[in-house]
Amino acid sequence: KLVGLTDRAGEEEMADGLEQLSDDFREEKVFASWTVISAATFGDNLQAGIETFAGAFFKPNVIFFNMPSSTDQEKELAELIGIAVERRCGVLLYHKHPEADLGNRSRLNVWFRDRGPDWDLSMDIGNQDLAVLTAYKLKKNWDASLKFVCKVKDKDSITKAEDYLQRLAELARIPNVEVWVGADSSGG
């Protein structure tokens, strides 16, 4: 279900864009429908959209935002992410590179934080689950290579981090994942 959130002035343009996106999904044999919600503020729109579909069989679980281009938009985005978190929705932030756009779509990197000294793999991988799932889908759709990347504080953690990332790829059933772990040059 695609939901466009806009003010009244942008309603027609939003509807045209969503209709095209929905058609693109259908061409790929993915069922898609769309609607436009108009309210005074984007935050009100977002909350109304999430609440509207909260009772649906497939509740909203991911919200896709463009990266803000101003400080005011950053503050609004922080509030919107708060709304999404309260409603247990994941958030994807997209930043279009000014020259490369999405690049050549042949290589994807997912960056992981240093989890040391405890590199135990559990069902809780922090907030990386959505990033891993998104990377897997893009890898598959674009026929791209995938690399899990991590920078650790010291050289002693490299092997543990590599093992963690390899096991994560295996448990997530993502084939052909390259792993790269490097140590901070100031960390020993």
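The values are calculated or read from the model by the stated rules, or taken from the named source; none is laboratory data. What you see is a predicted model, and the numbers here were worked out from it, not measured in a lab. A quick note on method: Cβ atoms are made from the backbone with ideal geometry, for glycine too, and the neighbour counts reach across all protein chains shown. Surface areas here come from the heavy atoms of the whole protein model, side chains and all, with no ligands, DNA or RNA. Shrake-Rupley method; radii C 1.70, N 1.55, O 1.52, S 1.80 Å.
Before moving on, here are some points about what is shown:
- Which of ARG105, ARG173 is most accessible, then next, and so on - probe 1.4 Å: ARG173, ARG105
- For the chain, the share of DSSP beta bridges that are antiparallel, to the nearest 5, is 5%.
- Amide proton proximity set for ILE63, modelled H, under 5 Å, gap of 5+: GLY90, VAL91, LEU92
- Accessible area of ILE158 in the full protein assembly, 1.4 Å probe (Å², nearest 10): 40 Å²
- Structure note, pairs LYS1/LYS137; LYS29/LYS96; LYS1/LYS139; LYS29/LYS140: Cα-Cα distances above 21 angstrom occur for LYS29/LYS96; LYS1/LYS139.
- Per residue, the chain reaches -12500 deg cm²/dmol at 222 nm when only DSSP H runs of four or more residues are counted, each adding -39500 (n - 2.57).
- Rounded to the nearest 10 Å², the accessible area of GLU27 at probe 1.4 Å: 140 Å²
- Test item: Cα-centred dipole of the stretch 108-159, Lys/Arg +1 and Asp/Glu -1 on Cβ, debye: 300 debye
- For the chain, the Cβ-based charge dipole about the Cα centre amounts to some 760 debye (Lys, Arg positive; Asp, Glu negative; other atoms uncharged).
- Taking amide H atoms as placed 1.01 Å from N in the peptide plane, the amide H of ALA183 lies under 5 Å from those of VAL152, each 5 or more residues away in sequence or on another chain.
- Converting the Cα gyration tensor eigenvalues of the stretch 1-157 into ellipsoid dimensions via √(5λ) gives semi-axes, longest first, of 31, 20, 17 Å.
- Angle of helix 129-142 to the longest C-alpha principal axis of the chain, folded into 0 to 90 degrees and rounded to 10: 80°.
- Counting Lys and Arg as +1 and Asp and Glu as -1 over every other residue whose Cβ lies under 13 Å from the Cβ of ALA172, the net charge comes to +3.
- Whichever lysines have a C-alpha closer than 16 Å to that of LYS151, once near sequence neighbours (fewer than 8 apart) are set aside: LYS160
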